[in-house]
1. Collect the residues in the range 109-130 that are of a type outside the set (Ser, Thr, Tyr), in a loop (DSSP other than H, G, I, E, B) and within 22 Å of Asn94 (Cβ to Cβ), keeping them in residue-number order.
2. Cβ-Cβ distance below 8 Å, separation of 6 or more or different chains: which pairs start in the range 66-87 with a residue that is in contact (Cβ under 8 Å) with a residue 24 or more places away in the chain and small (Gly, Ala, Ser) and end on one that is surrounded by fewer than 11 Cβ atoms within 10 Å (Cβ to Cβ) and assigned to a helix (DSSP H, G or I)?
Amino acid sequence: MNKLLTISLLIFLFLSCKNDKKSELEFYAENQTSFFDLRNGDWTKNSWIRKPENLKMVHESFKNFGYGKLENLISKSKSHFLIEGIYIKRNFENLIDSLELTYNKPEIQTKYYAEFWNRRKAEKNDSIIYEIIREFNSMKMNKNNRIMKTNL
């Protein structure tokens, strides 16, 4: 009987030492998120991104993150650029410069820029879009100036 009790106790102790916790995987696949993978679907139709306060927040995040990293996602040529499947038949740098120059200047706006700014006014985010474009152009100009100074 004593032997049976001892064996039972040993089995009980052995089983009680078992770790029932599920261990986490040592390795996991990283998921690289993207601005274009918005959880609410198509970013071109997303109403959240069109609100001025959200545009400002995203802009500030991109400034800290670096617009250059985001700009690398844009396929550019001299006559057009492609961003996430959207083809725009304009030079990227010229487009951004022209958007800044044509804001609130209907006398110099072509149809493309007039329609662009009218859509922004209808969405009530034209002033923040202009501010973002102006800051973006300023950052690019400062970067280009630094590059030119280092090449001298």
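1. Hit for the range 109-130 is Gln109, nothing else.
2. Qualifying pairs under 8 Å: none.
FYI, it's all coordinate maths here, none of it is from the lab. Quick caveat, the model's predicted, so the values are computed rather than measured. Using ideal geometry, Cβ is built from the backbone for each residue, glycine included, and neighbour counts are taken over all protein chains shown.
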